[in-house]
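First up is the structure itself, then whatever we jot down about it.
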Amino acid sequence: NKDNPEQIQLSVTAFKGLLDHKSILDTFFARSMKIDVCDYEATELDSLAFGTVCHAALEHFDIHSCAAEKDAVNTLCANFRRELIKKCGSTLPPAIQIQEEMFLNRMTHTAKKLFAEKDQFDPAIPEWNLNGGKGILFHGIRIKGKIDRIEISRDGKKIRLIDFKTSDKGEA
């Protein structure tokens with residue numbers, strides 16, 4: 001505490017850091033010195049963590065700023081890598097380094113697909129909660145969630161809803 005140096009004061013975020021790290025020293029390095037601590041025992045990213053990283057990379061991706069397909073691929077993959085580092089630390093655990101290659105293949109595929117159709121659609125809304133989070137009724141079924149991207153065709157005759165799937169559990 002700046003007003004009372006004898007008193008220890010922690011924000012909620014700093015306290016969470018203490019709980020997440022194995023030692024106070026890890027928390028000090030991560031919070032104060034901005035040095036990430038690598039958990040070498042970390043397992044692969046689960047679908048929720050992968051989805052979080054993937055969606056953040058796509059949210060900051062502007063296909064219309066890319067002059068060539070290669071630019072689109074490089075930009076989206078760089079976005080993904082940056083978000084992965086934010087999530088896992090600057091030194092990626094070995095298991096996640098291996099997994100990263102698969103993730104970058106997915107990002108490459110997505111960037112190529114979006115680039116191929118970039119002259120047909122313009123982005124309208126990057127992420128939209130269905131009815132403000134309440135969901136919508138569709139043939140008597142309430143559908144809740146977010147649409148990742150809404151685009152409008154250049155001729156104004158079509159609306160395209162894009163929802164990037166980050167995991168596949170084999171469910172219909």
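Are there any pairs with C-beta distances below 7 angstrom linking a residue in segment 134-147 that is open to solvent by 100 Å² or more (accessible area, probe 1.4 Å) to a residue that is of a type in the set (Phe, Trp, Tyr) and part of a strand (DSSP E or B), with the two at least 6 apart or on different chains, and if so which?
Matching pairs, first to second residue: Lys146/Trp128.
Out of Gly140, Gly156, report the one residue that is over 20 Å from Asp71 (Cβ atoms) and modelled with pLDDT of 85 or more.
Values: Gly140 fails: modelled with pLDDT of 85 or more.
One residue alone meets the criteria, Gly156.
Given the condition surrounded by 12 or more Cβ atoms within 10 Å (Cβ to Cβ), touching a Phe, Trp or Tyr at 6+ places or on another chain (Cβ under 7 Å) and aliphatic (A, V, I, L, M), answer yes or no: does some residue in segment 106-120 qualify?
Among the residues of segment 106-120, at least one is surrounded by 12 or more Cβ atoms within 10 Å (Cβ to Cβ), touching a Phe, Trp or Tyr at 6+ places or on another chain (Cβ under 7 Å) and aliphatic (A, V, I, L, M), which makes the answer yes.
Taking only pairs six or more apart or across chains, which ones have beta-carbon atoms under 6 Å, a first residue in segment 104-124 that is closer than 13 Å to Ile152 by Cβ and at pLDDT below 90, and a second residue that is of a type in the set (Val, Ile, Thr) and open to solvent by 50 Å² or more (accessible area, probe 1.4 Å)?
Sorted first by the residue in segment 104-124, then by its partner, the pairs are Asp122/Ile152; Ala124/Ile152.
Among residues belonging to segment 45-67 that are open to solvent by less than 60 Å² (accessible area, probe 1.4 Å) and not in a helix (DSSP H, G or I), point out the one that is modelled with the lowest pLDDT.
The extreme case among them is Leu45.
When segment 74-98 is examined, which residues are found to be touching a Phe, Trp or Tyr at 6+ places or on another chain (Cβ under 8 Å), assigned to a helix (DSSP H, G or I) and either surrounded by fewer than 14 Cβ atoms within 10 Å (Cβ to Cβ) or in contact (Cβ under 8 Å) with a residue 40 or more places away in the chain (or both)?
Correct list: Pro94 only.
Restricting to segment 106-156, and then to whatever is under 18 Å from Asn79 (Cβ atoms) and assigned to a strand (DSSP E or B), can you tell me which residue is farthest from the chain's Cα centre (by Cα)?
Out of the qualifying residues, it is Pro123.
The values are calculated or read from the model by the stated rules, or taken from the named source; none is laboratory data. Every value quoted in this text rests on a predicted model; they were computed, and no experiment measured them. For neighbour counting, all protein chains shown are included, and Cβ atoms are generated from backbone atoms with ideal geometry for every residue, glycine included. For the accessible areas, the whole protein counts, side chains as well, though only heavy atoms, and no ligand, DNA or RNA atoms are used. Shrake-Rupley method; radii C 1.70, N 1.55, O 1.52, S 1.80 Å.
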